[in-house]
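Chemist: Quick one: the structure is below, and I'll ask about it shortly.
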Amino acid sequence: MPQLKKKGPLILALLITLLYFGLPLLADWIGSIPRYSKYAQRDIPRILDGIQRGLLFPIEKWLSGLWRGILIFPYWFVIFLGMSWVYQKTKTFWRYAFRLAAVLLVFLFLFPNTLLWLESSRPSISHGSVRDGRIEGAKRLPFRGDNFTTYSFPGYLFGRTFVHERVRKTVLDAFAVCKTKSPDATFVIGETGLRKGGIFHPHRTHRNGLSIDIMTPMLRNQRPYRRNHLFNLWGYAIEFDDEGRLENGAHIDYESLAECILAIKEAARENGLTIQKVIFDPVLRPGLFATEAGRKIRDLPYTKNRIILRHDDHFHVDFAVAGQ
């Protein structure tokens, strides 16, 4: 055991290095799977590059691909060596610090909405566009409510659900309406943006606090059905067929989906927002527009063509602040 502790930094650095060089092989394998092949040319390389750069944060911005490969091992070896030295010198402190962190993590898991108490009271101001912008005074969406929850606890904890205050009010007002219109449905908030906006990997937008993702509600055996976990990227890797069905018998709940979009449309107007874009797979839209609520949302600005990332497992909305 003492020998293992001494070699710990070396072993951990080797594992990170193997991960770094193994990721392209994993990406090639995922891209070879028919259901994910459409992501192989653009999305998978972009996500791969983001992860590899993240493993060398913050020095990656000054390194070419060759130098990143050369420095990945010594970079992490020095980090783990330093961490090991600090831990040995302050072992008692870290023992209690780890226990406190574990207690805090459990507390936040049980009461995640307490993080809302820490947010700034300053008004939200969006700068730039959803593709090239930032935000001041962003507000975190609640983790859960009476009829909604968030796609993942880690995503919430790491601050990936911040929006403009008017967007938050719009989303919460819409969910409140849906409690009456779709009483059995539980809606799932996807990723929205960072506290200060800016680049938001792997998304190309979501940069100024005026974008939201809401996961597509589903039914199975006529009952609400949710499936969000690590192995389907917390719902972002669910693939419906062109009829809106999954292999396990689950299917899109078009009624609840339409009610949610309609409620967002109406709440946006009441909160001084305009809807600039709605992205939802055009192949699946006929089922959406066939519902009673769906007939009232035909006039929204949907994207015309089916894009590489289908947006069948979620719908995306870009807002603008009216008058700006």
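For every residue, the table says whether it meets (1) more than 24 Å from Glu165 (Cα to Cα); (2) at pLDDT below 95; (3) small (Gly, Ala, Ser).
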site	(1), (2), (3)
Phe231	yes, yes, no
Tyr254	yes, no, no
Glu266	no, no, no
Phe289	yes, no, no
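Chemist: Here is a check on your reading of the model: is Trp76 in contact (Cβ under 8 Å) with a residue 60 or more places away in the chain, aromatic (Phe, Trp, Tyr), under 30 Å from Phe21 (Cβ atoms) and in a helix (DSSP H, G or I)?
Modeler: Working: in contact (Cβ under 8 Å) with a residue 60 or more places away in the chain: yes; aromatic (Phe, Trp, Tyr): yes; under 30 Å from Phe21 (Cβ atoms): yes; in a helix (DSSP H, G or I): yes.
When the stated conditions are applied, Trp76 passes them.
Chemist: What is the number of the single condition among (1) out of contact with any strand residue (DSSP E or B) (no Cβ under 6 Å at 6 or more places or on another chain); (2) surrounded by 13 or more Cβ atoms within 10 Å (Cβ to Cβ); (3) not acidic (Asp, Glu) that His127 does not meet?
Modeler: Result: His127 fails condition (1) only.
Chemist: Residues that are closer than 19 Å to Lys265 by Cβ and touching a helix residue (DSSP H, G or I) at 6+ places or on another chain (Cβ under 7 Å): list the strands (runs of 3 or more DSSP E) wholly contained in segment 180-243 that include at least 1 such residues.
Modeler: Details: elements: 187-189, 211-215, 218-220, 223-225.
Once the strands (runs of 3 or more DSSP E) in segment 180-243 are filtered for at least 1 residues that are closer than 19 Å to Lys265 by Cβ and touching a helix residue (DSSP H, G or I) at 6+ places or on another chain (Cβ under 7 Å), what remains is 187-189, 211-215.
Chemist: So, Thr161, is that one out of contact with any helix residue (DSSP H, G or I) (no Cβ under 6 Å at 6 or more places or on another chain), at pLDDT 95 or above and assigned by TED's automatic domain parsing to the domain that holds Asp184 or not? First the steps, then the outcome.
Modeler: Details: out of contact with any helix residue (DSSP H, G or I) (no Cβ under 6 Å at 6 or more places or on another chain): yes; at pLDDT 95 or above: yes; assigned by TED's automatic domain parsing to the domain that holds Asp184: yes.
For Thr161, the condition - out of contact with any helix residue (DSSP H, G or I) (no Cβ under 6 Å at 6 or more places or on another chain), at pLDDT 95 or above and assigned by TED's automatic domain parsing to the domain that holds Asp184 - is met.
Chemist: Kindly indicate whether Ser152 is surrounded by 14 or more Cβ atoms within 10 Å (Cβ to Cβ), assigned by TED's automatic domain parsing to the domain that holds Ile214, polar (S, T, N, Q) and out of contact with any strand residue (DSSP E or B) (no Cβ under 8 Å at 6 or more places or on another chain).
Modeler: Values: surrounded by 14 or more Cβ atoms within 10 Å (Cβ to Cβ): yes; assigned by TED's automatic domain parsing to the domain that holds Ile214: yes; polar (S, T, N, Q): yes; out of contact with any strand residue (DSSP E or B) (no Cβ under 8 Å at 6 or more places or on another chain): yes.
Taking the combined requirement at face value, the residue satisfies it.
Chemist: Restricting the first residue to segment 222-241 and requiring it to be assigned by TED's automatic domain parsing to the domain that holds Arg285, which pairs with a second residue that is among the β-branched types (Val, Ile, Thr) and surrounded by 13 or more Cβ atoms within 10 Å (Cβ to Cβ) meet a Cβ separation below 7 Å and a spacing of at least six or different chains?
Modeler: Listed by first residue and then by second, the contacts come to Pro224/Thr186; Arg226/Thr186; Arg226/Val188; Arg227/Ile238; Asn228/Val188; Asn232/Ile238; Gly235/Val188; Phe240/Ile252.
Chemist: Quick check on segment 191-198. Is at least one of its residues among the hydrophobic types (A, V, I, L, M, F, W, C) and within 16 Å of the chain's Cα centre (by Cα)?
Modeler: Yes, there is a match, as at least one residue in segment 191-198 is among the hydrophobic types (A, V, I, L, M, F, W, C) and within 16 Å of the chain's Cα centre (by Cα).
Chemist: Hey, another quick one. Please name all residue pairs, on different chains or six or more residues apart, with Cβ atoms under 7 Å, provided the first residue is in segment 33-57 and is modelled with pLDDT of 75 or more and the second residue is among the charged types (D, E, K, R).
Modeler: Listed pairs, sorted by first residue: Gln52/Arg68; Arg53/Glu60; Leu56/Arg68.
Chemist: Residues in segment 155-182 that are surrounded by fewer than 24 Cβ atoms within 10 Å (Cβ to Cβ), of a type outside the set (A, V, I, L, M, F, W, C) and out of contact with any Pro (no Cβ under 9 Å at 6 or more places or on another chain): how many?
Modeler: Qualifying residue count for the region: 8.
Chemist: Conditions: (1) surrounded by 15 or more Cβ atoms within 10 Å (Cβ to Cβ); (2) farther than 24 Å from His127 by Cβ; (3) small (Gly, Ala, Ser). Gly249 meets all but one. Number of the miss?
Modeler: So the condition that Gly249 fails would be (1).
Chemist: Of all residues in segment 266-281 being in contact (Cβ under 8 Å) with a residue 24 or more places away in the chain and more than 22 Å from the chain's Cα centre (by Cα), which is farthest from Arg220 (Cα to Cα)?
Modeler: Kept after step one, since they are in contact (Cβ under 8 Å) with a residue 24 or more places away in the chain, are these residues of segment 266-281: 266-268, 270-281.
If we keep only those that are more than 22 Å from the chain's Cα centre (by Cα) as well, we get 266-267, 270-274.
Details: Glu266: 29, Ala267: 29, Glu270: 34, Asn271: 34, Gly272: 37, Leu273: 34, Thr274: 34 Å.
Ranking the candidates gives Gly272 first.
Chemist: Restricting attention to segment 152-161, does a residue exist that is in a loop (DSSP other than H, G, I, E, B) and not small (Gly, Ala, Ser)? Walk me through it before giving the result.
Modeler: Let us first name the residues in segment 152-161 that are in a loop (DSSP other than H, G, I, E, B), namely 152, 158-160.
Imposing the further condition that a residue be not small (Gly, Ala, Ser) reduces the set to 158, 160.
The answer is yes; a qualifying residue exists.
Chemist: So, one more: Do any residues in segment 127-143 that are modelled with pLDDT under 95 have Cβ atoms under 7 Å from those of residues that are among the hydrophobic types (A, V, I, L, M, F, W, C) and not in a strand (DSSP E or B), where the two are at least six apart or on different chains, and which pairs are they?
Modeler: Here the result reads Val130/Leu210, each pair linking segment 127-143 to a residue that is among the hydrophobic types (A, V, I, L, M, F, W, C) and not in a strand (DSSP E or B).
Chemist: Here's another thing I want to ask about it. Run Ala102 past the list (1) at pLDDT below 95; (2) outside the structural domain of Lys7 (by TED's automatic domain parsing); (3) surrounded by 12 or more Cβ atoms within 10 Å (Cβ to Cβ) and report the number of the one that doesn't hold.
Modeler: (3)
Chemist: Looking at Ser64, is it hydroxyl-bearing (Ser, Thr, Tyr) and either closer than 30 Å to Ala320 by Cβ or surrounded by 15 or more Cβ atoms within 10 Å (Cβ to Cβ) (or both)?
Modeler: Details: hydroxyl-bearing (Ser, Thr, Tyr): yes; either closer than 30 Å to Ala320 by Cβ or surrounded by 15 or more Cβ atoms within 10 Å (Cβ to Cβ) (or both): no.
No.
The values are calculated or read from the model by the stated rules, or taken from the named source; none is laboratory data. Not measured: the values here are computed from a predicted model. Every residue, glycine as well, gets a Cβ built from its backbone with ideal geometry; the counts of neighbours run over all protein chains shown.
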